[in-house]
Structures are given as C-alpha cells and as structure tokens.
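Notes follow the structure.
The values are calculated or read from the model by the stated rules, or taken from the named source; none is laboratory data. These numbers were taken from a predicted model, which means no experiment stands behind them. Cβ coordinates were reconstructed from backbone atoms using ideal geometry, including for glycine residues, and neighbour counts include every protein chain displayed.
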C-alpha cells in the first residue's frame, strides 16, 4: 500500500511501540530445545528407551553444537530466553519495515518541497516581472526593494515550516512540574512571532500540572521566547538600535534598515530588558573574576535607573519681548515664548503594566 505524508504520525507511533517492545527484551538466547531419547542395552541383552533429555542445539559457524541440560529446573528459563530471541527478530523485522516506509516518505517529502519551492519561485518571478513591466522608466531601487521583500516573505515561510517540522520530529519528553508531578498536554496555543524575516505563525503545546494547575510552554523555553513575541534576532536588533539613539529614531532606523515596524515604546521595553540581562551577566563575570583573585565582591548600592526628561512649554511675557515673533494666534502673533524644562529622577521599579515608577523624593 502506498503511503502518504498524512501517514507519518501513525508510522512514528508504530516505531515508538516497536522500540518499547525491544527495550523490554533483555535475556536472549540463540538455538532451540529438543528432547533426546537414548536406547540403552540391559544386561540381559534387551534394549530400553530412556529419556527425554533436554538438549540445547545451536549453530556455531558452519557446525551444529548441542549441549545437554542436566538441571531440568532451568529448562523453562532456557525456553523463555529462546522465545524472547524469536520475538526480538520479529520486532526487528517490523522496525526495519516501518523505517523503510518512513524513509520513502522522507524522500517523497523532499521532492514535494522542492517542487513547491520551484512553483512559488516561478510565480513570484512572474509577479515581480509584471510589476516591473508596469513602470515606464527603470527604477533600480524599486527592483531591489521588491526582491528584498519577496526574499523575506519566502524566508518567513521556510522558517515557519522549519518550526512546525522541528516540533513534529522532536522526541517526546516527559515534562515535570517544579512540584515534581508530571505535566499533561492541554492542546496547542498559537501566537505570532516577529522575526527578522517577518511575521511567522507559531503553534506550540501547552502543558499543565493537574495537582497545582501550573502551566508552561516547553517549546517557548527551548526557543527563548517565553515572555515575548519577538524572536531572539529581533530582540538583539531592538536593543542595539535603542542603545544608539532615542527610541523614536530607533523605530525609524529599524523600518528603514531591517523592514521591521515596531513602536518606540516596544523598543524601549526590549532594550531595558536586554540591558538588565547584560548587567546581570557583567555582574556575574565580575564576581567570578574577583572570586578567582581572592577579592571580596562589592555590594551593589542600588538598582534604581537614572532618568533625565525634558519638554517645552509656553510662558507669558511682555509685549515688548514678542516683537517680530510669530505665534499660533489667528493673526499670526504670539502671546508666549517657549521655555525648556528639565527633570531628573530615579526609577525604583515597574508597575503592573510595565511602566516606570518614579521616586517622588528624587525629582530635581
């Protein structure tokens, strides 16, 4: 019977069942047990049949070797070990058969993927050619932009397929709760990931502990995306862009250089989170070096964040100071002049929504 890709999960289950059967077969013995009868001559010349005597027979190279079992109590154990070898050979043949079917599916899947990629590439080239042909004058920058966008879309599709297949082919593990109990799968949950190639859908299994109801996403932990929808590569870009300039400018730079649309506030949050991780790593490295040198580790004075904020506001002034100044009045005149105000304070933590909490006694 010809197998299709939809049969893959069933074949994987068969393979796991066969492997479990093999793991239970430990005591194996080659050969077979037969009963030996001997004709014994009596003193009066008559013959009598004696037996049966259990005989273990096996192939050893080109010869057949036999050995009589003198202890009849061990015969059931020998018979059980020989039967286990027969079962081992049967399960092994089944494992090879299932493995060959899985191999055929893998070959067919590679061919099918290659065909789909070729079809998608051909369709994308035709679409780009039609878009470029609609322009009357060549625009090389537009060509670059279109091709880069197409490459990112194709890469995002490949990345999504890779994530899906990585989950499908990964070995099943027992997930244990911190309380020590085994966690059970409660179905799959979906979330969108922003990667350097674009948006990628991602569905992963949710595990929950029946006694304490604590849940987790093991795939999120393996991919380092537990508390976020940003892929590690995107978080690195956000942190780097946020450290080079103010966050609004960082958002524009990311849109221009990497094709990523991220709000300035999101860049701020990611940059601060990555900064805390870097600070912890540097502190751990410093502690390790000082301990190696035999020097005491200094205690951190505070973990507060230092902020400098400024803004402008209109201040009423005399009319003599407004001569020649344009303003927001209907006739174009001004009633105020702008004054810059600055504020320096420390942040002592974050509120429930993730916004900085200001120390009211630190404002200057």
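List of remarks:
- The single condition among (1) assigned to a helix (DSSP H, G or I); (2) closer than 27 Å to residue 360 by Cα; (3) at pLDDT 85 or above that residue 312 does not satisfy is (1).
- Test: residue 31 is closer than 30 Å to residue 157 by Cα, modelled with pLDDT of 85 or more and either in contact with a helix residue (DSSP H, G or I) (Cβ under 8 Å, 6 or more places away or on another chain) or surrounded by 14 or more Cβ atoms within 10 Å (Cβ to Cβ) (or both): no
- Condition check for residue 94: in contact with a helix residue (DSSP H, G or I) (Cβ under 9 Å, 6 or more places away or on another chain) and either modelled with pLDDT under 90 or in the same structural domain as residue 24 (by TED's automatic domain parsing) (or both): yes
- One residue from 49, 59 being in a strand (DSSP E or B) and either touching a strand residue (DSSP E or B) at 6+ places or on another chain (Cβ under 7 Å) or assigned by TED's automatic domain parsing to the domain that holds residue 95 (or both): 49
- When residue 54 is tested against (1) in the same structural domain as residue 85 (by TED's automatic domain parsing); (2) part of a strand (DSSP E or B), only condition (1) is not met.
- Every residue from region 339-364 that is exposed (fewer than 10 other Cβ atoms within 10 Å of the Cβ) and outside any loop (DSSP other than H, G, I, E, B): 340, 342
- Verdict on residue 278 being within 30 Å of residue 225 (Cα to Cα) and at pLDDT 85 or above: no
- Conditions (1) more than 28 Å from residue 185 (Cβ to Cβ); (2) touching a residue at least 12 places away in the same chain (Cβ under 8 Å); number of the one not met by residue 211: (1)
- In the condition set (1) surrounded by 13 or more Cβ atoms within 10 Å (Cβ to Cβ); (2) at pLDDT 85 or above; (3) in a helix (DSSP H, G or I), residue 221 is compliant with all but (1).
- Looking across region 152-181, just one residue is within 11 Å of the chain's Cα centre (by Cα) and in a loop (DSSP other than H, G, I, E, B), and that is 170.
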